[in-house]
Amino acid sequence: MPTVPLDLAWAGHPRSIASALLRSEGFNALVDPGPGSTVGTLREQLERQELSVSDLNAILLTHIHLDHAGATGSLVKENPRLRVFVHSRGAMHMADPSRLLSSASRLYGEEMQRLYGDFLPVPRANLHILEGGEVLSLGSRQLQVLYTPGHASHHVTYFDEAESIGVRKSLEALADADIVLVVLDASHPVTDAAARRRDTELVSLVARRLAIVVQNKIDAIASAPLVPDGGLPVVMTSALTGQGIDYLRSTILRLAGGDGSSQPESGFLTNVRHQKLVQDSIAALDAAAIAVPHKTPHEMILLDLYNALRPLDEITGATTADDILNLIFSSFCIGK
């Protein structure tokens, strides 16, 4: 159930205005489709997701400002089945945007059309009025509607609890991880302050941890990026070309205590379950070693050896319990 950001490259500026595509079991919704001037770019972004405007089921408006909601009427005209969710205080302006456009025109003058394009009215039948407190079912996703006035008196927020659980689980996994890879997008422009701030926040989450900062997408840049590394080792990679992947592997092995150059599969364990199984196997071997000098019957020692092999079998799957039992009882009979 992914949420996909759609960069609308407003006025030719990437990462200036974006929409968000919510997908769930064949249901497709846009959060804030952007201004009318970027409808063409929005169509291109949808095509990259193998969708068209006709595949959309709903538009969720956080508020009705031109840069967030201006394209709504044009999209509804193209796809009359679209449901438009909007707060009651903004709904009237979506049905009749004349006052909104008059006010904006006084501010932007002759630049109005170039910057924001057409703002067509939305038929009232397509409007679904929100007050806050509703729960919207979008496919299998459940979104809580929160009334959050501030930036606009009609502003709402859509809260996806399932995604918040995913974030929480990720943080829990982060806390339990032996080594953390912080993968950043190296293709962000140096001037993108917002992206650098997010990257710095991510790196700060693993301060004083065993971690590696991975700058990916170096195939898309001409020079080395500025890296918020927090004093951590940095590896430059390209998942597309494979550049830097071998060095990343060796760096992981080095931090974990292995020899990345001569032992690509060295004897360290990164899985807690595997570690427990190996400990169980060692304990059984210790029991067999104690039994030998006490002249314990050899079939009993073989059972200790079986107990040592059984946990390893759970890791490798190379030997089954029946194989071991057949080996033991082919030569010895307990009670003979």
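The values are calculated or read from the model by the stated rules, or taken from the named source; none is laboratory data. Keep in mind that what you see is a predicted model, and the values were worked out from it rather than measured. Heads up, the Cβs are rebuilt from the backbone with ideal geometry, glycines too, and the neighbour counts pull from every protein chain shown.
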> Pairs under 7 Å by beta carbon, first residue free of Cβ contacts under 8 Å to residues at least 24 places away in the same chain in the range 94-117, partner surrounded by 16 or more Cβ atoms within 10 Å (Cβ to Cβ) and of a type in the set (A, V, I, L, M), six or more apart or different chains?
Replying inline: Ser105/Met112; Tyr108/Leu115; Met112/Ala104
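One line per residue, one yes/no per condition, for (1) modelled with pLDDT under 95; (2) on the phi > 0 side of the Ramachandran plot:
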| site | (1), (2) |
| --- | --- |
| Glu25 | yes, yes |
| Asp32 | no, yes |
| Thr38 | no, no |
| Leu61 | no, no |
| Arg81 | no, no |
| Ala104 | yes, no |
> What tally of residues in the range 53-96 results from selecting those that are surrounded by fewer than 19 Cβ atoms within 10 Å (Cβ to Cβ) and assigned to a strand (DSSP E or B)?
Replying inline: 1
> Any idea which residue in the range 97-131 is nearest to Gly40 (Cα to Cα), counting only those that are part of a helix (DSSP H, G or I) and touching a Leu at 6+ places or on another chain (Cβ under 7 Å)?
Replying inline: Tyr116
>> Filter the range 132-143 down to the residues that are in contact with a strand residue (DSSP E or B) (Cβ under 7 Å, 6 or more places away or on another chain) and either in a strand (DSSP E or B) or aliphatic (A, V, I, L, M) (or both) and list them by number.
In response: Val135, Leu136, Leu138, Arg141, Gln142, Leu143
> Do you know which residues across the range 1-37 are surrounded by fewer than 17 Cβ atoms within 10 Å (Cβ to Cβ) and part of a helix (DSSP H, G or I)?
Replying inline: Ala11, Gly12
>> Restricting to the range 173-201, give me the number of residues that are of a type outside the set (Ser, Thr, Tyr) and over 21 Å from Tyr247 (Cβ atoms).
In response: 15
> What single numbered condition from (1) without any contact (Cβ under 8 Å) to a residue 24 or more places away in the chain; (2) among the small types (Gly, Ala, Ser); (3) not in a loop (DSSP other than H, G, I, E, B) fails to hold for Gly150?
Replying inline: (3)
